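Since the structure comes first, as structure tokens, the remarks are kept for the end.
The values are calculated or read from the model by the stated rules, or taken from the named source; none is laboratory data. None of these values were measured; they are calculated from a predicted model. Counting neighbours? That spans all protein chains shown, and the Cβs are built from the backbone with ideal geometry, glycine included.
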Amino acid sequence: MLPGFCKETAPLNDYEREVLLPVIVRGLLKRVGKSSRVSSTRIIDGMNAAHYRLDGPRLRKIINHIRSNDIIVGLVSDGKGYYVASTASEIDECIESLQGRIASQQAIIRALQRQRQIKF
């Protein structure tokens, strides 16, 4: 868990692992190719309408679990949603996006380290 983000970064609980995960996996497996992507809002709204309990941070944690554990091979995302890649280029685009976000966060870390030296 990350300090200040306990709920968001806590490991999956039994409900998420045993109830939500299988439902989300079944739904995402139907979303093959960029044209079939589904937004996080639509996933959350659909799950809550079906009387499951799910919010954005926990959906992202479940998605992270699916990806990290190879539960759905090629599960990617872009600014419009999640989908299973149907081409290598769809995976490459997602990798490039993730690398860009990592670089941006590393720049923020360097700036804060610099600022810490100036201020304290």
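Residues in the range 72-100 that are in a strand (DSSP E or B) and not β-branched (V, I, T): L75, S77, D78, G81, Y82, Y83. Kindly indicate whether V76 is of a type outside the set (G, A, S), closer than 22 Å to T9 by Cα and in contact with a Lys or Arg (Cβ under 9 Å, 6 or more places away or on another chain). Yes, satisfied. Among the residues of the range 101-120, those that are farther than 30 Å from L21 by Cα and either part of a loop (DSSP other than H, G, I, E, B) or charged (D, E, K, R) (or both) comprise R110, R114, R116, K119, F120.
Identify all residues within the range 61-71 that are surrounded by 16 or more Cβ atoms within 10 Å (Cβ to Cβ) and either assigned to a helix (DSSP H, G or I) or within 13 Å of the chain's Cα centre (by Cα) (or both); write none if there are none.
Residues of the range 61-71 that are surrounded by 16 or more Cβ atoms within 10 Å (Cβ to Cβ), as a first pass: 61-63, 65-67, 71.
Within the range 61-71, K61, I62, I63, H65, I66, R67 meet the criteria.
Per this entry, E18 is not counted among residues that are at pLDDT below 95 and not polar (S, T, N, Q).
Scan I95, I62 and give me the residue that is touching a helix residue (DSSP H, G or I) at 6+ places or on another chain (Cβ under 7 Å) and of a type in the set (V, I, T). Just one listed residue meets the conditions, I62. Determine whether I91 is surrounded by 14 or more Cβ atoms within 10 Å (Cβ to Cβ) and free of Cβ contacts under 8 Å to residues at least 40 places away in the same chain. Taking the combined requirement at face value, the residue satisfies it.
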